[in-house]
Amino acid sequence: MFGTAWRMSMALPGRADRRRMSRACVGMVAYLCANAALALDLRQAYEAAVERDANIRASRAGAQAERERLPQAQAQRLPNVSFNAGRNYNDLTATTNTILGNSVSQHHNYYSSNVGLSVRQPIYRPYISALVDQAEGQVESANASLEKDEQSLVVRVGEAYFDALLARDQLRLIAAQKTNYETQVMAARKSFAGGTGTRTDIDEAQSRLDMTRAQELEVLQNVDFTRRRLEAMVAIPLGNLATLDIQRFRAEPPAPTSMDEWQTMAEAASPELRALRAQIEVARAEIDKAKAGHKPTLDAVAQWSRTNSDSVTAINTRYDQKLIGLQLSVPLYSGGYVSSQVRQAVASHERAREGLEATRLDLGVRVHKEFRGMTEGVARIAALEQAVRSAEAALTSSRMSQAAGVRTTLDVLNAEQQLTLTRRDLAQARYLYLLSRLRLQSLAGMDRLVSIGQANTALTTPSP
């Protein structure tokens, strides 16, 4: 009986109970999603940053705010309609002095009211036309700036992701080096205890071990910093990250292979240049706005008004007035203010033109840098891969020579350190190559998802 009643009460909760249960479930799911550490590859990290990165959300909001300038400017071409009404209670006392020196007072209590409706339609206003042109340029500039920020997000996420991977690789190399040094210290102590080693071998190995432990603390701090930097972009706790797959990684020259072609692509597709070109149009419209201060304006005006007892001489009198006509305003003299505005706008326009040229030249420098980063990165990676093989062979030879008594412990320690440094440089060169490719493709305005996808193919699938 108890079990049956319990089942019925659970099966038929009230509406308020169902709402509370639903909110609790949604809140629990949101909490688990927000606090669960996720394994991300580069593409997933980028997609998360597109939705959650605070900087890109701010850029979207800023672009939306700038887009509202256009309807605001266009609204000034439309009729302006206003209505006003008022009602007042008047307590009037009028005192009149007679020729006999007496005073006569009259007291009036009355209500007065007014109602008015006016319509003004601009017919000729050069300022408004220039304002609309300027707003169109500002919207174009805002859209281009947003696209620039979205393209830079690809580079920012790539930098943060590869920095995190490089820091983790450095930690792994330091840990392996520390293990080797610990083994060297133990071997040196055993040799010294057996009478075949020296105290110098122990001190040298211990010195390298202590230095490696200090470096490990610094690398650990860098690992934490780079992960937090990436977490700030994706706005979710990070789990494991995808590692670089050496088997799938290919360092190839950029395609097309001509830097001039990349330069042409960048100048044609660069949202930064497009934003600056729009700013030039904005500055040109500002000149037209300033010159409009010398020009007349013409409006069509229509008014209707009704007043009751609007003055002490019109108590209990109502007036109805209708008006329609044209209103012309001609500026004559403003003390040189308008001419100064024109000169200021012309100077601002010149500044915008020179800024565009400076940015175009700087874009060429950046394209050249990233193009060289890819082309020279291919050769550098190949050279470092050979250097790693040589360092591994040198370490093996040093260990064999130490066992034969030809080399010392210091020689082995130097060989191990050289191998670690070479492996670190190789890992760094690979990540720099991937970053250079992302930057070059971003400068050329290539599809963002394609660029991220190409870099992501060089990574393994992250383990959960």
| field | Modelled FRET efficiency - R0 45 Å, TYR110 with LYS295, Cβ distances, 0.05 increments | value | 0.40
| message | How much accessible area per residue does the stretch 407-453 have, counting only protein heavy atoms and a probe of 1.4 Å, in square angstrom? | response | 37 Å²
| Of [x] -0.38, -0.63; [y] -0.70, -0.89; [z] -0.48, -0.72, the label for log10 I(q)/I(0) by the Debye sum over Cα atoms at q = 0.07, 0.09 Å⁻¹ derived from the coordinates | [y]
| Accessible-area value, THR460, 1.4 Å probe, nucleic acids and ligands omitted, Å² | 40 Å²
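How high is the FRET efficiency from ASN80 to ALA54, r the C-beta distance, R0 35 Å, rounded to 0.05? Walk me through the numbers before you get to the answer.
Values: r = 40 Å, r/R0 = 1.14.
Calculated value: 0.30.
If you take every residue apart from LYS289 with its C-beta less than 15 Å away from the C-beta of LYS289, what net charge results, scoring Lys and Arg +1 and Asp and Glu -1?
Spelling it out: positives minus negatives among the neighbours equals +2.
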| said: Please compute the per residue accessible area over the stretch 235-313 with all protein chains in place, 1.4 Å probe, rounded to a whole number of Å². | reply: 52 Å²
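Computing the accessible area with a 1.4 Å probe over protein heavy atoms, can you report the carbon and sulfur percentage for the stretch 352-407?
C and S atoms contribute 56 percent here.
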| remark: Plugging the Cβ-Cβ distance of GLU392 and ALA65 into 1/(1 + (r/R0)^6) at R0 = 51 Å yields, to the nearest 0.05, a FRET efficiency of 0.30
| Taking the simple approach of a point 7 Å from Cα along Cα-to-Cβ for both LEU38 and ALA268, what is their distance in nm? | 3.7 nm
| said: Below 15 angstrom from the Cβ of SER339, what's the summed charge of the other residues (Lys, Arg +1; Asp, Glu -1)? | reply: +2
| note | Phi angles of the stretch 350-364, converted by Karplus (6.51 cos²θ - 1.76 cosθ + 1.60, θ = phi - 60°) into ³J(HN,Hα) in whole Hz with x for Gly and Pro, give 5, 4, 5, 5, 5, x, 4, 5, 4, 5, 4, 5, 5, 4, x
| field | the chain - mean residue ellipticity at 222 nm from DSSP helices (-39,500 (n - 2.57) per run, n ≥ 4, rounded to 500) | value | -24000 deg cm²/dmol
| field | Global geometry of the stretch 343-449, whether rounded, prolate or oblate, following the gyration tensor of its Cα atoms and the 1.5 cut on a/c | value | prolate
| task | Could you tally the net charge around GLY453, taking each other residue with its Cβ under 15 Å from the Cβ of GLY453, Lys/Arg +1 and Asp/Glu -1? | result | +1
| query | Rounded, prolate or oblate: which one fits the stretch 295-335, using the alpha carbon gyration tensor with axes a ≥ b ≥ c (rounded when a/c is under 1.5, else prolate when a/b beats b/c, else oblate)? | reply | oblate
| Between ARG120 and LEU220, what is the label-to-label distance in nm when each label sits 7 Å out along the Cα-to-Cβ direction? | 7.2 nm
| task | Calculate how many DSSP beta bridges within the chain are antiparallel, expressed in % of all such bridges and rounded to the nearest 5. | result | 95 percent
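With the contact rule set at Cα under 8 Å and sequence spacing of 6 or more, what percent relative contact order holds for the chain? Let's see the in-between values first.
Numbers: 623 pairs, mean separation 113.0, N = 464.
With pairs under 8 Å counted, the relative contact order is 24 percent.
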| task | Once you have the Cα-Cα distance between ALA314 and ALA382, take 0.36 nm times their residue separation minus that, and quote the gain in nm to one decimal. | result | 14.4 nm
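The values are calculated or read from the model by the stated rules, or taken from the named source; none is laboratory data. Keep in mind it's a predicted model, so treat the numbers as computed, not measured. A quick note on method: Cβ atoms are made from the backbone with ideal geometry, for glycine too, and the neighbour counts reach across all protein chains shown. Just the protein is used for accessible areas: all its heavy atoms, side chains included, with ligands, DNA and RNA removed. Shrake-Rupley method; radii C 1.70, N 1.55, O 1.52, S 1.80 Å.
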